[in-house]
Amino acid sequence: MKQLSHYDIKNQQKQFPITIVCDAIRTPENIGMCFRVSESFGVSKIYLHENSPAVTNSIVKRTARNTIKQLEYNTYANFEKTIQQLKDEGNTIIGIEITDKSIDIQNFNFKNHKKIVLLLGSERNGIGNINILDHSIAIPMFGKNSSMNVIHSLSIALYEVTNQLK
């Protein structure tokens, strides 16, 4: 067995009809990792709130590495207006959030949706307005803690979505 380097690996490059919307994420490392994970899973676009750390932030840039240049992104000021615009464009809005209506992620059929928005909330408060969601999904957990880091949740969700869509 030999450990492979980045030069040995040639990924099947594919882009999926997935958009990420970050609702009030304030940690530069989380913004940077959102880019890095999203690029790895073939996400089409990221939306960041205008009050989130900018892509020019040194911590965001260092954490994201070069993925900021490889992914389309926009900033927004009005959360509800942005979500409504994405709905009008035919996207299904899916919150990664624990609600009384959440479906375990492995039981949600992502193939039934042509364009998907995965909505991430802040670690402190979650998604600001869960009433705008078309669906909410939850990641089953087995420890005492009821939540995990927002980017870890995104990674798990993107793995499940792309696994179903590929």
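Please treat every number below as a calculation from the coordinates, not as lab data. Note that the structure is a prediction, hence the values are computed from the model and not measured. Cβ sites come from the backbone with ideal geometry, for glycine too, and all protein chains shown count toward neighbours.
Values as computed for the structure displayed
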{"quantity": "Computed FRET value (nearest 0.05) for residue 160 with residue 29, which takes r as the C-beta separation and R₀ as 25 Å", "calculated": "0.60"}
{"quantity": "DSSP bridge pairs, segment 1-132: antiparallel proportion in percent, nearest 5", "calculated": "5 percent"}
{"quantity": "Label-point gap, in nm, between residue 85 and residue 40 - each point 7 angstrom along Cα→Cβ", "calculated": "3.0 nm"}
{"quantity": "FRET efficiency, residue 9 to residue 57 (Cβ-Cβ, R0 30 Å, nearest 0.05)", "calculated": "0.55"}
{"quantity": "Dipole in debye (nearest 20) - the chain, about Cα centre, beta carbon charges: Lys, Arg +1; Asp, Glu -1", "calculated": "580 debye"}
{"quantity": "Length-normalised contact order for the chain - Cα pairs under 8 Å, 6+ apart - percent", "calculated": "26 percent"}
{"quantity": "Greater than 26 Å apart at Cα, pairs in 2/45; 45/81; 69/166; 111/144; 87/111", "calculated": "2/45; 111/144"}
{"quantity": "Cα-Cα P(r), segment 18-165, percent of pairs per 10 Å interval", "calculated": "11, 45, 36, 7"}
{"quantity": "Linear extension gain, residue 75 paired with residue 132, 0.36 nm per residue minus alpha-carbon span", "calculated": "18.6 nm"}
{"quantity": "Within segment 1-85: Cβ-based charge dipole about Cα centre, in debye rounded to nearest 20 (Lys, Arg +1; Asp, Glu -1)", "calculated": "340 debye"}
